[in-house]
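Below is one structure, written out as structure tokens; the observations come after it.
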Amino acid sequence: MIDTQAALEVTARYCSRELEQYGQCVAAKPQSWQRDCYHLKMSIAQCTSSHPIIRQIRQECAEPFEAFELCLRQNEAAVGNCSEHVRRFLQCAERVQPPAEVGSRNSGRDRSAVPAPATKP
């Protein structure tokens, strides 16, 4: 459950449109949602696998996530024991910035921190 909670938090933040469409479809088709909403479920999977920030989180937070997964395997009967691990992973995910934002922020910071070279007339 905690593993699902962590995944849903990240997915909800960065793929909310896809998640909302899927939820509306499931609610509208209680008898046939598994078949009729499958394409929307796949759009969530596509979003989570291709979204730049989620790829960045996977890269930068691999260590806390692996520790979390190990904890889950070791505590299958008591996944609540892994709440500290999920907290560390989510804290890491919170700190991750999309690659484009990081570059533009650094570029802006670099330009303002370094004065332009003086030119002689």
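HIS39: without any contact (Cβ under 8 Å) to a residue 60 or more places away in the chain and farther than 21 Å from GLN97 by Cα, yes or no? Answer is yes for this residue.
Quick test for you: out of ALA93, ALA67, pick the one residue that is in contact with a helix residue (DSSP H, G or I) (Cβ under 6 Å, 6 or more places away or on another chain) and either on the phi > 0 side of the Ramachandran plot or touching a residue at least 40 places away in the same chain (Cβ under 8 Å) (or both). ALA93 is the lone residue from the list that is in contact with a helix residue (DSSP H, G or I) (Cβ under 6 Å, 6 or more places away or on another chain) and either on the phi > 0 side of the Ramachandran plot or touching a residue at least 40 places away in the same chain (Cβ under 8 Å) (or both). Assess whether ALA78 counts as being buried (at least 16 other Cβ atoms within 10 Å of the Cβ), among the small types (Gly, Ala, Ser) and out of contact with any His (no Cβ under 8 Å at 6 or more places or on another chain). Spelling it out, it is not the case that ALA78 is buried (at least 16 other Cβ atoms within 10 Å of the Cβ), among the small types (Gly, Ala, Ser) and out of contact with any His (no Cβ under 8 Å at 6 or more places or on another chain).
Within the stretch 76-101, the set of residues being polar (S, T, N, Q) and at pLDDT 85 or above comprises ASN81, SER83, GLN91. Whenever a residue of the stretch 73-90 is farther than 21 Å from GLU9 by Cα, its partners that are not charged (D, E, K, R), lying with C-beta atoms within less than 6 angstrom and at least six residues away or across chains, give the pairs ASN75/ASN81; ASN75/CYS82. Scanning the stretch 63-78 for residues that are within 11 Å of CYS92 (Cβ to Cβ), of a type in the set (A, V, I, L, M, F, W, C) and out of contact with any Cys (no Cβ under 7 Å at 6 or more places or on another chain) yields PHE65, ALA67. Taken together, GLN31, GLN24 contain a single residue that is modelled with pLDDT of 85 or more and outside any helix (DSSP H, G or I), which is GLN31.
The values are calculated or read from the model by the stated rules, or taken from the named source; none is laboratory data. Only a predicted model underlies this, so the values are computations on that prediction, with no experimental measurement involved. When we count neighbours, we look across all protein chains shown, and the Cβ atoms used for this are built from the backbone with ideal geometry, even at glycine.
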